[in-house]
Amino acid sequence: MRTLRFDVFPDVGAFTPLQLKPHFILSVCFNGSERWSREYGVPHQTAIRDLQTAFVLQVARVSYHDRYTYTDADRLSIAITRQSRRNGSQVEVRASFETPGGSMVAESSLCIVPLSLSDASGELAGLPAPMPPSYMSTFEPSERLEEPYPSPFPGMLNQIIESGELLSSYQYPLFINRHQCEFVDQWFFVEAGNLAAASREHMVFEQGARLPLLRRGLSLPVRELNLLYSRPFYLFDVGKVLTRAFRSHEGVVFVHELIKDDPSELHALVLERF
């Protein structure tokens with residue numbers, strides 16, 4: 001399995017006072033997937049133009065290993081791997097973030113799903129489909145797996161709800177602005193994590209005096225973030241984030257469901273552990 005390595009130099013905008021932003025980590029991971037494709041496979045623009053193939057985010061995960069803040073900021077070494085899974089109907093991207101001294105700061109992974117594009121409408125509409133043979137041929141045998149991506153959903157959510165103690169609930173209105181959108185719809189909508197974080201912070205600000213345990217959602221760094229993306233929002237969509245906080249044996253877990261009108265039509269699910 002081939003590993004692509006490169007360095008990044010995080011600036012002040014990559015950090016909160018507590019840690020590297022999850023959005024930064026996931027963006028570097030996705031960018032690393034494109035770097036890997038340019039080095040070993042097919043650049044995304046070429047896949048869209050010549051192979052009518054694009055990719056959308058389905059699952060994103062971030063786990064933090066060591067404290068790393070802006071005062072520590074130096075070069076970070078990124079290692080990226082990319083594998084085909086489930087016979088070409090999924091791609092797994094993994095990234096590790098290490099300091100020059102070899103300390104692991106964070107790890108992330110993405111499950112991205114290939115789309116077969118139809119240019120009949122001129123809007124790059126697509127449906128999930130395995131990667132074409134010409135794209136699959138760029139993966140080495142060790143990078144082609146029949147097993148599906150090891151998604152934590154829905155098992156992790158069920159475990160949180162069944163074993164955790166519900167502390168409180170909250171609703172946060174959302175409005176999709178242009179700066180939250182992308183080239184086409186939301187092929188890489190890690191902005192969902194920012195919207196979930198906004199709901200959590202408002203919840204803690206309003207309810208933290210009554211429920212001190214909620215304050216961990218502001219005073220402590222995120223330990224782990226998991227994101228499931230089910231369907232896109234579009235420009236100027238109006239919706240809400242339904243947030244629930246649970247006490248677990250490890251701490252506090254925030255569960256965020258991003259919806260428009262119908263709660264049964266989930267657009268994104270975000271789980272944050274503190």
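Structural remarks
- Inter-label distance, nm, simple model (7 Å from Cα along the C-beta direction), Phe6/Arg223: 3.3 nm
- The shape of segment 155-273 comes out prolate: with a ≥ b ≥ c from the C-alpha gyration tensor, a/c is at least 1.5 and a/b beats b/c.
- For Rg and Dmax of the Cα atoms in Å, computed directly from the structure shown, the correct entry in (i) 22.4, 76; (ii) 19.0, 59; (iii) 21.7, 70 is (ii).
- Checking every one of the chymotrypsin sites (Phe, Trp or Tyr not before Pro) in segment 219-263 against DSSP loop status and a limit of 14 other Cβ atoms within 10 Å picks out Tyr234, Phe236.
- For Val8, Val270, Val222, the sequence from fewest to most other C-beta atoms within 10 Å is Val8, Val222, Val270.
Rule-based calculations on the coordinates, nothing more; no lab input. Please read these numbers as outputs of a predicted model, since none were measured by experiment. Here Cβ is always computed from backbone atoms with ideal geometry, including for glycine, and neighbour counts include all displayed protein chains.
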